[in-house]
Amino acid sequence: MSGIVRLVCSSRQGPHGFNTETLLGQSLVAMPAALRPECDLWLVNDGRLGLPEIYNTSIARSAPDDILLLVHDDVYLHDPFIVRRLTEALLFWDVVGLAGSRGNDLAQPSWGLAFDRELRPLGWQKHEGLVRSGYVSHLHGQESKHERPPRPIMSEYGPVPSACELLDGLFLAFRAGTAQKLGLSFDERFRFHLYDLDFCRSATKAGLSLG
């Protein structure tokens, strides 16, 4: 498979603000052009378009072999070889992410956190059989997001690589043709929350592997 890696992102920022004010924009500017994925940026999005609408449009207009990387604008891509990493990861899994779980409590609106009836966080789920996976770096204390690159504190959720049933929507990747062939899409009722959990459950039901 050839295809390209197409990074899809929605941001409230315009072109200049995206490059200077968002972590994703800063990381892309710092990345050598030859290693940078093609970008499908939906800028100045003030909420009129939900993420599922944007992602479904990208699925529909991509070539089957294209790898879609759906990523939030507050994610800094530290690895300049992200294109190679995704190509390798999709040799083993149909859908890949940075953080996720399996055996979780499906009554909870999260891949790992637990909430009470008023949706107040209670910490990690205590569900028997829950296996968390992944690593995500976060900004160090009061550090400014304008430091380049940001100094990360690595949050460890569990061993990798690992099979998952749910993945966090901050970073999801799959080949467009995988979704196109199965008619797999994001439910547009979930504009900015829960779309990732719904998509993962649909992907699992369709027999796809997540990791």
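The values are calculated or read from the model by the stated rules, or taken from the named source; none is laboratory data. Small disclaimer: the values here were computed from a predicted structure and weren't measured. For neighbour counting, all protein chains shown are included, and Cβ atoms are generated from backbone atoms with ideal geometry for every residue, glycine included. Accessible surface is based on the protein model in full, side chains and every heavy atom, while ligands, DNA and RNA are left aside. Shrake-Rupley method; radii C 1.70, N 1.55, O 1.52, S 1.80 Å.
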task: Might you let me know whether the stretch 86-96 holds any residue that is open to solvent by 50 Å² or more (accessible area, probe 1.4 Å) and without any contact (Cβ under 8 Å) to a residue 40 or more places away in the chain?
output: yes
- request: Could you tell me which of the residues Arg191, Arg132 is surrounded by 14 or more Cβ atoms within 10 Å (Cβ to Cβ) and in a strand (DSSP E or B)?
  value: Arg132
statement: Of the residues in the stretch 4-20, those that are out of contact with any strand residue (DSSP E or B) (no Cβ under 6 Å at 6 or more places or on another chain) and assigned to a loop (DSSP other than H, G, I, E, B) come to Ser11, Arg12, Gln13, Gly14
query: So which residues in the stretch 11-32 are touching a residue at least 24 places away in the same chain (Cβ under 8 Å), exposed (fewer than 15 other Cβ atoms within 10 Å of the Cβ) and within 18 Å of Val83 (Cβ to Cβ)?
result: Ala30, Pro32
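So that you can scan it fast, the table gives a plain yes or no per residue for (1) open to solvent by 30 Å² or more (accessible area, probe 1.4 Å); (2) at pLDDT 95 or above; (3) among the polar types (S, T, N, Q):
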residue	(1), (2), (3)
Ala99	no, yes, no
Asn104	no, no, yes
Ala114	no, no, no
Lys126	yes, no, no
Gly141	yes, no, no
Ser144	yes, no, yes
Ala173	no, yes, no
- prompt: All but one of (1) within 20 Å of His138 (Cα to Cα); (2) at pLDDT below 95 hold for Gly3; which doesn't?
  reply: (1)
